């Protein structure tokens, strides 16, 4: 009887740990190790460990005169925490606002140009106003991990973009996918500019 209770208790605790990991967006080291950075067919999976360093993130941001320059370590740490390779946050940031130097992101500090969300002020044009660039990056990682990856099962750039920036909003999905993947490939090769 005691062995049965012990096995039940251990099984229940493992289930609780697994379920809590599913909803927090945080991966265990075992889950993190099992995720592929890319696929054999050349697709770009956003889930996985960092493929560029925090220092290289800083170099890219500084080279493009981003107002988020110096946040490389914070972006890197957020990527590790959420199990999303931070090189993708950088690539989306480049495509959305040239690293925060053009468009709405100049004032909203939203690297992904998020639309209005419940926990941030909504500003003219329907954009979410972040409290800082770090806050904006955290919201981007949360969005990608919890909604796109965990809820919708979209893990590659080609799966994410049609929902993230659909053609119905005036976006060129193929060009966006190509730009993000090209930037990622360039930075992974150790080059800041192509």
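The values are calculated or read from the model by the stated rules, or taken from the named source; none is laboratory data. Values in this document were obtained by computation on a predicted structure and should not be read as measured data. Every residue, glycine among them, receives a Cβ derived from its backbone with ideal geometry; neighbour counts consider all protein chains shown.
Some observations on this one:
- Annotation for the range 84-93: no member residue is surrounded by fewer than 22 Cβ atoms within 10 Å (Cβ to Cβ) and in contact with a helix residue (DSSP H, G or I) (Cβ under 8 Å, 6 or more places away or on another chain).
- Number of the condition not met by residue 69 [criteria: (1) within 27 Å of residue 172 (Cα to Cα); (2) modelled with pLDDT of 95 or more]: (1)
- Filter pass, residue 159 being free of Cβ contacts under 8 Å to residues at least 24 places away in the same chain and within 18 Å of residue 84 (Cβ to Cβ): yes
Each row is one residue, and each column tells you yes or no for (1) in contact with a strand residue (DSSP E or B) (Cβ under 9 Å, 6 or more places away or on another chain); (2) assigned to a helix (DSSP H, G or I); (3) farther than 16 Å from residue 44 by Cα.
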{"residue": "103", "(1), (2), (3)": "no, no, yes"}
{"residue": "142", "(1), (2), (3)": "no, yes, yes"}
{"residue": "153", "(1), (2), (3)": "no, no, no"}
{"residue": "162", "(1), (2), (3)": "no, yes, no"}
{"residue": "175", "(1), (2), (3)": "no, yes, no"}
{"residue": "179", "(1), (2), (3)": "no, yes, no"}
{"residue": "194", "(1), (2), (3)": "no, no, yes"}
